[in-house]
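The values are calculated or read from the model by the stated rules, or taken from the named source; none is laboratory data. Please read all numbers here as calculations on a predicted model, not as lab measurements. Every residue, glycine among them, receives a Cβ derived from its backbone with ideal geometry; neighbour counts consider all protein chains shown. Note: accessible area is taken over every heavy atom of the protein model, side chains too, but ligands, DNA and RNA are not part of it. Shrake-Rupley method; radii C 1.70, N 1.55, O 1.52, S 1.80 Å.
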Amino acid sequence: YLSRRWNMTWQNEFRLDEHQQLVAGVDYTHEKGQSLDLYAGTARVDDTRHDTGVFAGWRTNFGAFDSELSGRYDDSSAYGSAKTGSLALGWRASDAWRVYASFGQGFRAPTMNELYDPGYGGWYGGNPELTPERSQSSELGLEFTPVANQRLKASLYSTRVNDLISFTGFQNEAVNVAHAAIDGAELSWNARLGEWTTTASYTWEDARDVDASAPLLRRARNKASTIVERAFGTRFSAGAEVN
């Protein structure tokens with residue numbers, strides 16, 4: 001099995017004034033997937049598709065308030081068109097405290113691998129009958145900056161996905177989960193001490209198949225990570241990460 005993907009993006013940013021900025025762009029993706037029968041010497045699958053997306057965003061920062069409003073339109077040769085948008089609002093209550101909230105929509109077409117990968121003896125294979133994922137996500141967060149070089153962040157998030165693509169079929173092949181729910185909480189800490197930078201985070205997540213009232217497979221309920229980096233001058237840095 002072989003898949004190829006080409007992508008091209010143009011993005012431009014326009015600064016209206018010191019408080020407002022516009023972002024706009026276009027991207028184009030072309031994909032090709034082939035599945036060959038080596039014994040017969042023929043192609044069982046030979047498929048191509050393309051997607052054109054147009055997007056724009058408006059960012060503002062007025063005093064203690066900041067916001068971002070964005071929208072996107074996708075035209076897929078395989079799945080038709082889709083419109084998505086997002087809105088985020090933030091309020092800096094003081095130099096140390098900031099509250100923010102966001103809501104966004106998502107659209108994701110299945111990859112060529114998810115559609116046509118032959119798998120391993122029938123296991124973990126693709127599914128040409130897959131349909132795109134469509135989702136809605138919301139997040140509420142709080143940031144605390146006690147000093148200039150440290151920041152603590154806590155957030156709650158909730159995502160609802162229709163037709164989630166998941167390798168959980170009869171032989172763990174790719175299937176659509178009709179209704180999935182993903183809820184979680186995240187805590188992170190970032191500190192910069194001289195040449196050293198440390199970031200640590202912990203996430204608790206509940207991911208489930210709503211219709212089956214069962215957890216989604218292969219999704220950790222608890223996740224933690226730590227990154228430690230050191231800068232050597234302005235051009236080089238080295239670090240380590242543990243997950």
Any hit, segment 208-223, residues being buried (at least 16 other Cβ atoms within 10 Å of the Cβ) and not in a loop (DSSP other than H, G, I, E, B): yes
Qualifying residue in segment 175-186 (condition: acidic (Asp, Glu) and surrounded by fewer than 16 Cβ atoms within 10 Å (Cβ to Cβ)): yes
Residues that are under 30 Å from GLN21 (Cβ atoms), open to solvent by less than 60 Å² (accessible area, probe 1.4 Å) and polar (S, T, N, Q), drawn from segment 82-112: THR84, SER86, SER94, SER102
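For PHE55, state whether it is at pLDDT 95 or above, of a type in the set (Phe, Trp, Tyr) and exposed (fewer than 13 other Cβ atoms within 10 Å of the Cβ). Spell out the reasoning first.
Values: at pLDDT 95 or above: yes; of a type in the set (Phe, Trp, Tyr): yes; exposed (fewer than 13 other Cβ atoms within 10 Å of the Cβ): no.
The answer is no for PHE55.
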Test: residue in segment 59-72 that is open to solvent by less than 40 Å² (accessible area, probe 1.4 Å), among the β-branched types (Val, Ile, Thr) and more than 25 Å from the chain's Cα centre (by Cα): no
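A quick yes/no check of all residues on (1) surrounded by 17 or more Cβ atoms within 10 Å (Cβ to Cβ); (2) at pLDDT below 95:
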residue	(1), (2)
GLU114	yes, yes
PRO118	no, yes
TRP123	no, yes
PRO128	no, yes
ARG134	no, no
SER138	no, no
LEU142	no, no
ASN149	no, yes
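Determine if segment 26-38 includes at least one residue that is without any contact (Cβ under 8 Å) to a residue 12 or more places away in the chain and loosely packed, with under 11 Cβ neighbours inside 10 Å. Can you show your working first?
Narrowing segment 26-38 to residues without any contact (Cβ under 8 Å) to a residue 12 or more places away in the chain: 37-38.
Narrowing the set further to residues that are loosely packed, with under 11 Cβ neighbours inside 10 Å leaves 38.
Yes, the conditions are met somewhere in segment 26-38.
Determine whether ALA238 is open to solvent by 40 Å² or more (accessible area, probe 1.4 Å), of a type in the set (Gly, Ala, Ser), out of contact with any helix residue (DSSP H, G or I) (no Cβ under 7 Å at 6 or more places or on another chain) and under 30 Å from GLY122 (Cα atoms).
Numbers: open to solvent by 40 Å² or more (accessible area, probe 1.4 Å): yes; of a type in the set (Gly, Ala, Ser): yes; out of contact with any helix residue (DSSP H, G or I) (no Cβ under 7 Å at 6 or more places or on another chain): yes; under 30 Å from GLY122 (Cα atoms): no.
No; evaluated as a whole, the condition is false for this residue.
Going through segment 60-87 one residue at a time, which ones are among the acidic types (Asp, Glu) and closer than 23 Å to SER138 by Cβ?
Taking segment 60-87 and keeping what is among the acidic types (Asp, Glu), we get 66, 68, 74-75.
ASP66, GLU68, ASP74 - these are the residues of segment 60-87 that are among the acidic types (Asp, Glu) and closer than 23 Å to SER138 by Cβ.
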Residue selected from segment 120-149 under the condition in contact with a strand residue (DSSP E or B) (Cβ under 9 Å, 6 or more places away or on another chain) and of a type in the set (Gly, Ala, Ser), by the criterion farthest from ASP183 (Cα to Cα): ALA148
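Can you say whether THR9 is at pLDDT 95 or above, surrounded by fewer than 15 Cβ atoms within 10 Å (Cβ to Cβ) and of a type in the set (Ser, Thr, Tyr), as far as the supplied structure shows? Spell out how you get there, then give the answer.
Values: at pLDDT 95 or above: yes; surrounded by fewer than 15 Cβ atoms within 10 Å (Cβ to Cβ): yes; of a type in the set (Ser, Thr, Tyr): yes.
When the stated conditions are applied, THR9 passes them.
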Residue match in segment 155-166 (condition: of a type in the set (A, V, I, L, M) and open to solvent by 50 Å² or more (accessible area, probe 1.4 Å)): yes
